[in-house]
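Read-outs: derived from the displayed coordinates by stated rules, not from any lab. Owing to the predicted nature of the structure, the values given are computational and were not obtained by experimental measurement. Cβ placement follows ideal geometry from the backbone for every residue including glycine, while neighbour counts extend to all protein chains displayed.
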Amino acid sequence: MLTVPLTALLERSSAESGDKHLAGNIRDPDQLLSAQSMAALAEWHRGVFAFLAYHPYGDRALRDYIQEGTLADDSGPNILCIFMQTLSRHDTSVPEGVGSLIDVNASRSSASLALEELFSPRSSPAMPGIAFFASFEEDTPVYVPLDECENVAEVRRKLRELFSVIGQEIDPKDREHFSVNLVVALQKKRIEYESPGVRSIRRFLIRAYQAAWDHREDLMTAAGLVLP
């Protein structure tokens, strides 16, 4: 499975859209996570997005599933999956400017801090789980818990079921009605879900990005996409 840092996709999609100012500047969160760069990625992808929330040590089934490398094949080309992964070889210092965006409590996992931002002021849902959304702007994310999956096989079966719902029963390219259509499809299949209502997805990703770096992690992506 090809995994690509979210920063690399933002930089590449912005460059392809003619926005050359991001080249070589991926440590500047104000530009990297700007509304303009996220709009460029959304236009480049033309599908929907998912965020996999899990604890790197407590949720071993989901962690091991990602490491096995079938996520991109399971999700398909119309769902760009984002998840957090521990840094290994590249610089583990926090990018300049990130620390001033949002305060982070380092005693908690980065994924839980991201979910807190997504659901605030409500209580965060249980992890692990997966949040679907169709836009990096104002959108209504739909979160499906995965806490009943006890092993890799169960994680793969559940995620394939969810990806199948999106691929076969609703049009992932209909972003305007995606959340409503997904909720209806989940209700028909009696699949449990939660939604915090309309949220700023850009602010959520800023929170996730900052929290990830604070925990020496990075936001990674996996999808049926190939960077040219």
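A few comments on the model shown:
- Gain in span if fully extended, Gln67 to Arg216, counting 0.36 nm per residue against the direct Cα distance: 51.9 nm
- Other residues whose C-beta falls under 11 angstrom from the C-beta of Gly129 contribute a net charge of -4, scoring Lys and Arg +1 and Asp and Glu -1.
- As a ratio to 2.2 N^0.38 Å, the alpha-carbon radius of gyration computed for the range 132-211 takes the value 1.16.
- Annotation for Arg203 and Tyr57: the two label points, set 7 Å from Cα along the Cα-Cβ direction, are 3.2 nm apart.
- When only alpha carbons are used to place a centre, the range 137-161 and the range 42-84 end up 10 Å from one another.
- Asp174/Glu138 FRET efficiency (R0 22 Å; Cβ-Cβ; nearest 0.05): 0.85
- For a label point 7 Å along the Cα-to-beta-carbon line of Gln36, residues of the range 115-146 with backbone N under 18 Å: 136-137
- With a Förster radius of 22 Å applied to the beta-carbon distance between Val184 and Arg122, the computed FRET efficiency rounds to 0.50.
- Distance between modelled label sites at Val4 and Ser112, nm, 7 Å Cα→Cβ extension: 3.3
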